[in-house]
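One structure is given below, encoded as structure tokens.
Just so it is clear, none of the values below were taken in a lab; they were calculated from the coordinates. What you are looking at is a predicted structure, and each value in this text was computed from that prediction instead of being measured. Note that we place each Cβ from the backbone using ideal geometry, even for glycine, and neighbour counts take in every protein chain shown.
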Amino acid sequence: MEVDLPNVPGQSILCTGESPPERYGSFNPNLDSIMPAKNIPSLKSVDELTLKEARAEHEALSTEIAEHDRRYYEEDAPTVSDAEYDTLRKRYEALEGMFPELKTSESLTQKVGSRASEKFAKIRHRVPMLSLANGFADEEVEEFVERIRRFLQWKADAPLVFTAEPKIDGLSLSLRYEKGKLVSAATRGDGAEGEDVTANARTVDDIPHVLKGSDIPDVFEVRGEVYLSHKDFAAINERQEAAGKPLFANPRNAAAGSLRQLDPKITASRPLCFFAYAWGEVSKMPADTQYGMMEALRGFGFTVNKLTRRCSSIAEMLEHYHEIETDRANLGYDIDGVVYKVDDLGLQQRLGFVSRSPRWALAHKFPAQKAVTVLEGIEINVGRTGSLNPIARLRPVTVGGVVVSNATLHNEDYIKGIGGNGEKIREGVDIRIGDTVIINRAGDVIPKVLDVVLEKRLDDAKPYEFPTQCPACGSHAVREVNPRTGKEDAVRRCTGGLICPAQARERLKHFVSRNAFDIEGMGEQRIDEFYEEGLVQRPQDIFTLAERNARSLKRLENREGWGATSVSNLFAAIEARRSIALNRFIFALGIPHIGETSARLLARHFHTFDALREAAKAAADPESEAHAELTAIGGIGPVVAETVVEFFKEEHNEEMLDALLAQVNVEPMEAPATLNSPVAGKTVVFTGSLEQMTREEAKAMAERLGAKVAGSVSKKTDIVVAGPGAGSKLAKAAEFGVQVMDEDGWFALVGRNGS
DNA sequence: ATCCCTCGAGTTCA
DNA sequence: CTCGAGGGAT
């Protein structure tokens, strides 16, 4: 058996030109983290065109768009993604905006029946649609309940009631009713913003157009799951087959496909069902428990799942879980687990959220489907940070309706059968090429090698030798030793740094990615090509591309598959990003350990890029004030500070920054919007034992109000909330003259529930 | 010194 | 979605 080490280890994922599926955003109350860059700045290159050029481009676009429209409407076979279509359309409109004489009666913008600029309009959820924490083992349910008891400081014998209901495997939908009438329906989308599928939702029998009953809140957002029964799924697939159309892999895909039909008539012909189980914005709550809400929903005319129960102990929860599991095959629709929720809505509110899921709910999933296949090879990809990432190449196998041919192997130790904190496969069992392996899809998504079938191991199978040289540049690849713990890092990294082409490409991909510069049309493939051809090798090259192209003989327009339009689209996308928010800019640099969150922390603290840069350079001396300032930022510790310092020390980076800053405008970050609360922007320290709330609750509450919560008192502290038994911190507060109050004082200041 | 949580950086397929 | 590691609390 041979190992195929690819020369070019970059990713092999296809770039469709469409932006990748939305990654989850952060669902903290402040949603700025997931907001796209503000308004798109003017398309600069349009106003540089002469009328003659504009006319030519306008005409070309007109033909192209008309053709896409025809394909879309008449053949139902579009050849471009919606995103690409939109770019064309926007450019077209921009041209007309600049040269109104182009706007004749022949213009596509003047004709009716033109395709809407996007398939579905977006709807912003007033209350984000969150995901649930999940677990597989019974113990995880116990931990979940324990965690809640601890958080609430609930005594062991104090009653705590949960609801338990099947977790439907469909699509989440949010329905908005105003004065009892259905006004809109939106898919979950990324949780913050979904697609408007109102017309389609109206065709679902289980979704009432008007709520029943008398005491109906003015605003009621009902959430639940759209799904297809097994019977209807089979019928739809029969019809698809008869019509020679591709079959749906599973009921969930079929339901998704049906709901996202542009023509509601098609949706109407698919017998979709809907279970209600949650809510978003509600002007007046009809009940104060989860179970009560379910009953209320039924009263309003919704279908709620019959298997919803109230449970008052872990034993009851598990019993109901196993009951549902036993019944699973007979339900007639797909479920993938059981959801537990704290019944009391007051307690739900107290429990609040951890990152992006509620602390008061857990999805207890059924064991994931497994499959057996053969490990045909191990490939090594090189990441942006130089990490050597092993990928299992598998003999293709179907797991849960999807064909899987790759899976991650995590790192060297995982292959060797040495477990870190996470699970190892099995004590002392390593993974070898040619092995028969068991895989599943973790959380039904990411394929993972679970175990090796040792009985089937080939006699000549040898332990896999993890490369100690970078497959891309040949540099040494090492596992650094963590100076604190004296332990080796789990990942082996290429030491090639700037000379490693794989790292350079990955850094570029990061730079243009959605949460960084977000340059549309700069996908994996295009970066790879441009890099290869020497057109774009460093971030700053992106912004001089158009200029160089204009001078060069080897023009982009002459490349195969490139027309004037694709080139002007790309340039327009680049121009649109010449101005960028500070936090995005910092994130885009790809400094190790600086992700979205830390980038925002730095942006908020320094306000301008120059300030950050100055501070980082001054912090080269670990004894300096600047160094202390860095580590004083909450969330930035010694390791992260050091990495930032190192980044700005590097001469190549200096050069890159100078070149880049000559090309782009980094918008200073304004001081965080002062929330309308008495503690907004203040730094609060809680000390002593708190009697009316737990520390965690206090912290969550203060942060909700826009305050920063610190652990120790300094001269930057604004308020110290001291309970009984407060000691040194109280003394410090006196020393610095910081305002001190007790819990009652705190509540008097901010109100009982923190609103 | 050790826990717990959050974050970053990697990952699949359609 | 997962892991490992950093940061902060204990």
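Figures for the structure shown
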{"read-out": "Taking segment A:425-507 and dividing mean pair separation by its residue count, relative contact order in percent (alpha carbons under 8 Å, at least six apart)", "value": "21"}
{"read-out": "Spin-label model distance (nm) - residue A:629 vs residue A:385, 7 Å beyond Cα toward Cβ", "value": "2.7"}
{"read-out": "Under Karplus coefficients 6.51, -1.76 and 1.60, residue-wise ³J(HN,Hα) of segment A:194-206 in Hz, glycine/proline x", "value": "x, 9, 7, 10, 3, 4, 6, 4, 5, 8, 8, 4, 6"}
{"read-out": "Spin-label model distance (nm) - residue A:480 vs residue A:137, 7 Å beyond Cα toward Cβ", "value": "3.3"}
{"read-out": "Residues residue A:265 and residue A:453, FRET efficiency given R0 of 60 Å [Cβ-Cβ distance, rounded to 0.05]", "value": "0.75"}
{"read-out": "Placed amide H near residue A:277: partners under 5 Å, 5+ positions off or other chain", "value": "A:223, A:224, A:225"}
{"read-out": "Sites matching GluC sites (Glu not before Pro) across segment A:450-529 that sit in DSSP coil, with at most 14 neighbouring C-beta atoms within 10 Å", "value": "A:465, A:480"}
{"read-out": "Mean Cα-pair separation over length for segment A:255-304, i.e. relative contact order, pairs under 8 Å, 6 or more apart, %", "value": "31"}
{"read-out": "Inter-label distance, nm, simple model (7 Å from Cα along the C-beta direction), residue A:560/residue A:153", "value": "7.2"}
{"read-out": "Too-long pairs where the Cα-Cα distance tops 27 Å, listed order kept, from A:231/A:265; A:265/A:306; A:365/A:509; A:245/A:265; A:306/A:365; A:682/A:732", "value": "A:265/A:306; A:365/A:509"}
{"read-out": "Computed lengthening from residue A:670 to residue A:247, 0.36 nm per intervening residue step minus Cα-Cα distance", "value": "147.1 nm"}
{"read-out": "Mean Cβ neighbour count within 10 Å, used as a protection proxy, ranking A:616-622, A:579-585 highest first", "value": "A:579-585, A:616-622"}
{"read-out": "Exposure proxy ranking, count of Cβ atoms within 10 Å, fewest first, for A:92, A:340", "value": "A:92, A:340"}
{"read-out": "Karplus (6.51, -1.76, 1.60) ³J(HN,Hα), θ = phi - 60°, over segment A:306-318, in Hz, Gly and Pro reported as x", "value": "5, 8, 7, 10, 9, 10, 10, 8, 4, 4, 5, 4, 5"}
{"read-out": "Length-normalised contact order of segment A:369-499 in % [C-alpha pairs under 8 Å, at least 6 apart]", "value": "24"}
{"read-out": "Neighbourhood charge, 14 Å Cβ-Cβ cut-off, centred on residue A:291 and excluding it, Lys, Arg +1 and Asp, Glu -1", "value": "-1"}
